[in-house]
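Quick notes on the structure that follows.
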């Protein structure tokens with residue numbers, strides 16, 4: 001006779017969000033957590049949006065050139081199909097996914113999977129970006145990491161776009177973005193509006 005294990009004996013799922021501006025170390029922190037899971041011999045699957053091919057077609061690559069194998073997907077619903085029999089799911093550049101990512105992460109966590117998400121919390125206009133605000137709201141833990149302001153050296157939380165392009169999504173690197181603190185971001189944008 002099979003007896004259903006009590007809730008405390010079942011695998012517990014969770015959602016962890018790592019957020020911040022560009023150049024703040026989000027991907028580095030994601031890679032660190034995923035490598036530790038692999039050391040613990042957990043089954044890990046890592047996903048990124050297919051549109052983000054700045055450094056590599058399939059690998060997740062940090063600005064420091066550290067990388068890990070991943071599976072590029074067109075939409076968040078693909079993650080559910082590909083995350084069977086997995087202990088830990090890593091998702092990078094979550095801001096580029098559709099809003100269905102919120103439900104996907106909930107379903108994975110409800111199945112007992114640890115979900116670790118990294119992404120920009122704000123776009124270049126300083127507005128909440130994609131599904132990130134909702135993911136932060138449902139997460140068991142949120143880690144906000146900061147870059148260093150290139151103007152004054154304080155902690156930076158804004159990804160200031162340095163090229164003339166108003167598109168919400170513009171894949172870029174140091175030629176297109178700079179991390180700025182609140183004061184410097186406000187000052188730079190006031191000058192642009194003048």
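The values are calculated or read from the model by the stated rules, or taken from the named source; none is laboratory data. Predicted model, so just to flag it, every value in this text is computed and none were measured. Methodologically, a virtual Cβ is constructed for each residue, glycine included, from the backbone with ideal geometry; neighbour enumeration extends over all protein chains shown.
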(message) Out of the residues in region 67-82 meeting the condition of being out of contact with any helix residue (DSSP H, G or I) (no Cβ under 6 Å at 6 or more places or on another chain) and assigned to a loop (DSSP other than H, G, I, E, B), tell me which one is surrounded by the most Cβ atoms within 10 Å (Cβ to Cβ).
(response) 70
(message) Every residue in region 20-51 that is under 25 Å from residue 98 (Cβ atoms) and free of Cβ contacts under 8 Å to residues at least 40 places away in the same chain, please.
(response) 31, 50
(request) Could you tell me whether residue 95 is out of contact with any strand residue (DSSP E or B) (no Cβ under 6 Å at 6 or more places or on another chain) and either surrounded by 14 or more Cβ atoms within 10 Å (Cβ to Cβ) or more than 27 Å from residue 41 (Cβ to Cβ) (or both)? (result) no
(request) Would you check if residue 61 is at pLDDT below 95 and surrounded by 13 or more Cβ atoms within 10 Å (Cβ to Cβ)? (result) yes
(request) For residue 121, state whether it is surrounded by 14 or more Cβ atoms within 10 Å (Cβ to Cβ) and under 18 Å from the mean Cα position of the chain (by Cα). (result) yes
(request) Please find, within region 95-107, the residue that is nearest to the chain's Cα centre (by Cα) out of those that are assigned to a helix (DSSP H, G or I) and touching a residue at least 40 places away in the same chain (Cβ under 8 Å). (result) 96
(message) Anything in region 108-118 that is surrounded by 15 or more Cβ atoms within 10 Å (Cβ to Cβ) and part of a helix (DSSP H, G or I)? List them, or say none.
(response) 108, 109
(request) Taking the residues in region 41-56 that are more than 21 Å from residue 22 (Cβ to Cβ) and out of contact with any helix residue (DSSP H, G or I) (no Cβ under 6 Å at 6 or more places or on another chain) as candidates, determine which candidate is modelled with the lowest pLDDT. (result) 45
